[in-house]
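Shown next, in structure tokens, is the structure this report addresses.
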Amino acid sequence: MNFKLLALSTLLLSSLNSENIINNVKSKVESKINKIKTTQIEKDKFERAKTSLTSTSLPAARKLTIQEATLKAVNSVRAKNQTCAAATKPLRWNKRLYAFAKEHSIDMAVTKKLSHNGSGTKTDLTALRLNLKRGSHFYERVNQKKDSQRIFSGELIIRSSVKSLKSPKELIDYWMKNPKDCKVIMDSRFSDVALAKVISNKDQKSYWTLLFAGVREKK
């Protein structure tokens, strides 16, 4: 082999070696880039998965209204046989009864007096409506007509601290332990119910009034 051919062969070999080196480096760089891309994609998938999981989490439970909570508490005990009475029909919420119950709770909260009778003061709205010269009785609050006997009613009242007996269920469970109160709640003649609570600014106590009503059957 002459010198020129040897030199050319050496040059070509050197060129090939350089190209191989370049290709190897390029291959390694591309491999690293691909790994980085793959890692980034996997990370992105993980982040998306976390975001998706957070966005589809269950919402907080909705708090029941006093109407819903009262009906649930009262009708759940009326649906079962109790020590004081047999199971009976469910009750329905009555807006007028709620207004009367709220009025009496306000009257008790203002006067700080726990009583089935109205106070006979300016906060005893039933007495004012009926022009009574005394405190109203609970059955007069329901009938709203003087000497009316068309509707019969029942009433449970209680005064509690703000931290105790906070819900209709707690109240019903408490009253059900008393045989007399149990009979009122389980009375099959009642068809309507309402519960109202007022917190007194004077003693920071909760005043509750639970009213029941039913229409008297004609004899």
Exercise. Inside segment 175-213, can you point out the residues that are at pLDDT below 95, out of contact with any strand residue (DSSP E or B) (no Cβ under 6 Å at 6 or more places or on another chain) and of a type outside the set (S, T, N, Q)?
Worked result: Lys202, Asp203
Seminar exercise, completed: Scanning segment 51-72 for residues that are exposed (fewer than 13 other Cβ atoms within 10 Å of the Cβ) and among the charged types (D, E, K, R), the one modelled with the lowest pLDDT turns out to be Arg62
For this session: Output the residue which, of all residues in segment 83-106 that are open to solvent by less than 60 Å² (accessible area, probe 1.4 Å) and out of contact with any strand residue (DSSP E or B) (no Cβ under 7 Å at 6 or more places or on another chain), is nearest to Lys177 (Cα to Cα).
Result: Cys84
Exercise. So, of the residues in segment 154-209 that are charged (D, E, K, R) and part of a helix (DSSP H, G or I), which turns out to be farthest from Val77 (Cα to Cα)?
Worked result: Lys180
Seminar exercise, completed: Restricted to segment 132-180 and to residues being among the basic types (Lys, Arg) and more than 33 Å from the chain's Cα centre (by Cα), the residue most open to solvent (accessible area, probe 1.4 Å) is Lys133
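Is it true that Leu128 is part of a loop (DSSP other than H, G, I, E, B) and among the hydrophobic types (A, V, I, L, M, F, W, C)?
On the way: part of a loop (DSSP other than H, G, I, E, B): no; among the hydrophobic types (A, V, I, L, M, F, W, C): yes.
The answer is no for Leu128.
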For this session: Name, by its number, the condition in (1) open to solvent by 60 Å² or more (accessible area, probe 1.4 Å); (2) closer than 19 Å to Leu156 by Cα that does not hold for Asn75.
Result: (1)
Exercise. Regarding Lys89, is this residue under 16 Å from Ala213 (Cα atoms) and not in a helix (DSSP H, G or I)?
Worked result: yes
Exercise. Which numbered condition trips up Val193, out of (1) open to solvent by 20 Å² or more (accessible area, probe 1.4 Å); (2) of a type outside the set (Lys, Arg); (3) at negative phi?
Worked result: (1)
Exercise. Among all residue pairs at least 6 apart or on different chains, which show Cβ distances below 9 Å where the first residue, located in segment 205-216, is more than 17 Å from Asp192 (Cβ to Cβ) and open to solvent by 10 Å² or more (accessible area, probe 1.4 Å) and the second is assigned to a strand (DSSP E or B) and of a type outside the set (Gly, Ala, Ser)?
Worked result: Lys205/Arg159; Lys205/Ile199
For this session: Test Ser105 against the criterion of being of a type in the set (Gly, Ala, Ser) and touching a helix residue (DSSP H, G or I) at 6+ places or on another chain (Cβ under 6 Å), and give yes or no.
Result: no
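The values are calculated or read from the model by the stated rules, or taken from the named source; none is laboratory data. Keep in mind it's a predicted model, so treat the numbers as computed, not measured. Every residue, glycine as well, gets a Cβ built from its backbone with ideal geometry; the counts of neighbours run over all protein chains shown. Ligands, DNA and RNA are stripped out before the accessible areas are found, and what is left, the full protein with its side chains, is counted by its heavy atoms. Shrake-Rupley method; radii C 1.70, N 1.55, O 1.52, S 1.80 Å.
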